[in-house]
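What follows is a set of notes on a single structure, which appears directly below.
Since every read-out is calculated from the coordinates, none of them should be taken as a lab result. Keep in mind it's a predicted model, so treat the numbers as computed, not measured. FYI the Cβ positions are ideal-geometry reconstructions off the backbone, even for glycines, and counts take in every protein chain you see.
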Amino acid sequence: MEEVDVEPVVTNISGIRPGKRMGFAWGPGDILVYETQNKASGPTGSGCAFIHVVRKDEDIYSPILRKLFNESHHIFVGLQTIKDDLPSKSKKPQFVSISRNYRSVIRACMEELQQAAGELLTKYIHHVSILLAIELIWNLCEVLFIDAAPAGSLLLHLLDWVRLHKSDVDEKAKGVLQSDSPAEHRDYWDVVLSYVLQGRLEDTRKMLMKQAMLQPAAKSMYKLMDSLLSKMPFYNPGGTQTLTEFDVKWRNWHEEVDRYLKDNSFASNQHLEVICKILLGDEDVLLEHKELLSTWYYFLITRLLYCHPTVKPTELHYYAQSSMMMFLDSGVPEPLDSILLAAFEFDIHQVIKDCSIALNNWWFVAHLTDLLDHCKLLQSHNLHFGSNLREFLLLEYASGLFTHHSLWQCAVDYFDHCPEFGRVYLELQIERVPLDTERKALKVLRICEERQMSEQVRSICKIMAMRAVRNNRLGSALSWSIRAKDAAFATLISERFLQDYCAKGTFSDLDLIDNLGSTMLLSDRLTFLGKYREFHKLYGEKCFSDAAKLLLSLMTAKIAPQSFWMTLLTDALPLLEQKEVIFSAEQTYELMYCLEDWTFLFHSFNTNQTQLALARNLASAIVKEGTMQT
Amino acid sequence: MESAKYVSQKVSKARWRPVSSSFLQQPEIFATGSWDNEENKISIWSVGNYENSGLEDGFEGDPQLICENKHDGDVLGLQFLDQERIVTASSTGAVTIFRHHHNSQTISVSQQWVKAHHYPCDNAPCTAVVCSSPEIITVGEDGRIIVLRADQDCMAQVIENADSSTIHAVTYLRTTEILTVNSIGQIKLWDLRQQSNSASQILSLSGDRVPLYCIDRHPNQQHIVATGGQDGMLCMWDVRQGSMPSSLMEAHSAEMWEVHFHPTNPDHLFTCSEDGSLLHWETSSHSDMPSFLQGSRNSSVTSRSAMALAGGNQSLISAWLNGDSSKSRLETTHMLPSQTLSVNSLDVLGQCLVCGTDGEAIFINKQVPV
């Protein structure tokens, strides 16, 4: 048994009086909790009349976050359909673009939350910060794991990563530039330094030019700084220069800057000197500007940029650990920090584990793990309960979705792509979707039929058919039993019709019975019903011989229910008593046989009249048939 | 170009607000109804063409929500009664008229028939609504057809037990005649002037009784009707001729939820389905030579079409009734970029198409090639 990683969070149930005992029951995504006196027997006194539903995940009920779930579902389904036969190298750009899609969905959601935050400030700020963190982590995972850039490009991607998440620089810069005298703005040097820290040297040069114009005396110094900034080499992955060549060039530049610092070229201007030191990667100076850096990973990237731009992926974790320790003097990392550190250490499983604990919703880990799995980055080790990590997370996420009154439809696709247990989960969950309208039942049925879940189809159709029968909608009930190919239920419905006929003497719902068509064959009773109605129609149209033939076949085919035999015989009487002979001799014999067969069942049945009619008919038939031969 | 807007609710119905008769005006306002939410809503959106500069051509701005109102139960039917009023059919059996107040941009309930459709001891969902102001016709799972009039609380006409199974859709054939489709695959024609409880005519497909879910009438040739049902087949019927469909076309791989002829350009037809696709059908309007010039030898031409030339008076036979045969060209295009969850509803007006899906997205295309 694993130990608990973090202390469990305590939730107070406001409705339960303090000091009272609680009873509970697990649900699919929540717990039902109630106050209990916990007495085995004896008088109990007044209890609390409420049951409380405690939900762990309330994110799925947020209208803005819902868009996240829907859009990512779309991307997820698209990802699963990428063919497996291509070599993974050519699929990398596809995976990167999918990762970017996910991230843009997160960003869109975040922006919308931020816009809405005006009215519901406190409620959404929490979500915004979580989404920010999620996007940060995802972006880093994309850079390190999916894109997996080698040394050289790695730093460039990391620089982009930091720049993307530190956008307050641009806001400050805007404020400075829009002022009357930018170079004298109080934030001016902050902006310049921030640009340098982010490696945005072009922007730095432009800003410095404004200062240079104000200080013509120090012109040469500014010119020198400008030339140093312009000469800093950046690795070009698409170019012809190899990494070693770049390294050499960079070292040369580094030495040049060092030389200028050492011979005090910038001594008279404190700011420029600081810039120079930063360019040399002086850690103490960097640490002096903690507020501008604001996070240890920003510090890390800057450090790498100016000390070791050709850092290899495998070397990252040394620098990451040391950067974190240097930056955080309090020493206690937050969950986000340890997750990022785990990422820099290329410990994917630790990242996933920490994220699972820190977030209350499986969305992030499920999708990220799925993507990483597609990139073949996860070693498949089986968990104790039989499926692999990706499947486990997807199942947890989808199960959580299924508890939502609306998002359950998205969850179905997730279950589809869990090869081992997805089907079982789906079978259990889909039966519990409440079916208020026919339309919803039809959609659920379509889901079941597409996956050949015949058990579930039968059970859903039966529920709907029973409901229809209870409301006396026999046509609906019949259409449900046809869908499920449920002969037993069709029999039940036919019985109802026949009972109605016996009670009222006419058929109800003629539009249904008259137009049964081939569905008649679903059940014997149904066939009987259809044919019996046909008999009545033929009789009504005075096609007596056809009617007689039909009636006879109904009796001999033995599909009539016992309760109807008497009725059938009674129906034969008017045909026997017609002036014209309708039943042939052969047919009359059969009728007599039937009567004999059935008489012993109906002891009180007065057969005299029928026997007489049959005998008379037989006589006439024999005469008629005898006559025809001449 | 379609743009998808995610709206955090599964969209069961989407309808354009009718535009005034000025020919060139494109619709700008549409209404949607949601379903399967704890709190369902009816919402009104606008796709006005503001901020034209800077946008690439074809890509329109997102629809903006103008106003919305709570709706009790799933919105199973939605129609604009006029420029201000919308009628909805609810899964609780209620029929509601909402009024959109243009000045305050709000929407409120104007009139409601709460238990219009019901079972003896329970609610019955009202499945569809169609209107021709001020008359409103609704049908439901209880097999009733109800005729209402806006601004009158009592029900003008109720046909009890019109059908033994659920009536899924209704459409006007003529001003006093309607067509309904049900779960046992029948189209029934009702004449509202005769206060009778049985249909004037019943049409159905022989063989399997596949439930039908949608029906639409050709805007100009009123005898031509299209239906779609559980098997995703598009059927074309001629209501004057017998009780069999004129042509059957394989359209979708799952239930077809809505079928619409384009109101002004009826050579175009649109269908949407549970399988997540929206198809645009286009038929060539007429065969190369007008059929009345082809002479009598063409009477027994195609196997599918049961049409006979009626004495030469009849003008060109609609290509719809010929279906997929060699006599007419039929082109189908998918209108949505990729597979989505079920497309529940669509509406087309002018060159604009709007549809709503179970993926909680609305797609709008303002340059439909018609």
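Some notes on this structure:
- Note on segment A:277-338: Cα Rg divided by 2.2 N^0.38 Å, N the number of residues, gives 1.07.
- Space enclosed by the convex hull of the alpha-carbon atoms of segment A:232-303, per residue, Å³: 101
- If you bin all the Cα-Cα distances of chain A at 20 Å, starting from zero, the percentages per bin are 14, 30, 22, 16, 11, 6, 2, 0.
- Principal-axis tilt of helix A:63-80 within chain A, Cα atoms, nearest 10 degrees: 80
- Extreme residue, positive dipole direction of the protein assembly as shown, given options A:207, A:584, A:127 (C-beta unit charges): A:584
- A simple packing score, the average count of other Cβ atoms within 10 Å per residue, orders the peptides A:527-536, A:27-36, A:13-22 as A:527-536, A:27-36, A:13-22, with the highest score first.
- Sorted fewest first by neighbouring Cβ atoms within 10 angstrom, A:583, A:564, B:270 come out as A:564, B:270, A:583.
- Between helix A:348-358 and chain A there is an angle of about 70 degrees, using the helix long axis and the longest principal axis of the Cα atoms.
- When the charge dipole of the protein assembly as shown is built from unit charges on Cβ atoms (+1 for Lys and Arg, -1 for Asp and Glu) and taken about the Cα centre, the candidate among A:79, B:172, B:127 whose Cα reaches farthest toward its positive end is B:172.
- The loop-placed chymotrypsin sites (Phe, Trp or Tyr not before Pro) in segment A:334-419, going by DSSP, that have at most 11 neighbouring Cβ atoms within 10 Å of their Cβ come out as A:385.
- Compared with the rule-of-thumb size 2.2 N^0.38 Å for a compact globular protein, segment B:198-277 has a Cα radius of gyration ratio of 1.06.
- Taking 21 Å as the limit for the C-alpha separation, the pairs A:542/B:188; B:5/B:366; A:172/A:206 exceed it in the case of A:542/B:188.
- Ranked for footprinting exposure by Cβ neighbours inside 10 Å, fewest first, A:332, A:169 give A:332, A:169.
- Pairwise centroid distance, computed over Cα atoms, of segment B:98-120 with segment A:313-337, Å: 60
- Applying 1/(1 + (r/R0)^6) with r as the Cβ-Cβ distance of residue A:108 and residue A:562 and R0 = 60 angstrom yields a FRET efficiency of 0.30.
- Entries in A:166/A:231; A:440/A:462; A:67/A:440; A:443/B:10 that, when Cα-Cα distance is taken, lie over 19 Å: A:166/A:231; A:67/A:440
- Alpha-carbon centroids, segment B:123-187 and segment A:262-303: separation in whole Å: 78
- Take each residue in A:92-99, count the other chain C-beta atoms within 10 Å of its C-beta, and the mean is 0.
- Straight-line cross-link partners of residue A:92 among the lysines, defined as a Cα under 17 Å from its Cα and at least 8 positions apart when in the same chain: A:83, A:376.
- For residue A:199, no residue whose modelled amide H falls within less than 5 Å of its own remains once neighbours fewer than 5 places apart on the same chain are excluded.
- The mean number of partner chain beta-carbon atoms within 10 angstrom of a residue's beta-carbon across peptide A:468-477 is 6.
- Partner chain coverage, peptide A:402-414 - average Cβ within 10 angstrom: 3
- Centre-to-centre, using Cα atoms only, segment A:177-230 and segment B:61-92 are separated by 58 Å.
- Relative to the longest principal axis of the Cα atoms of chain A, the long axis of helix A:201-214 makes an angle of roughly 40 degrees.
- Ordering of A:478-489, A:254-265 by packing is A:478-489, A:254-265, highest average first (other Cβ atoms within 10 Å, averaged per residue).
- Of A:172, A:504, the sequence from fewest to most neighbouring Cβ atoms within 10 angstrom is A:504, A:172.
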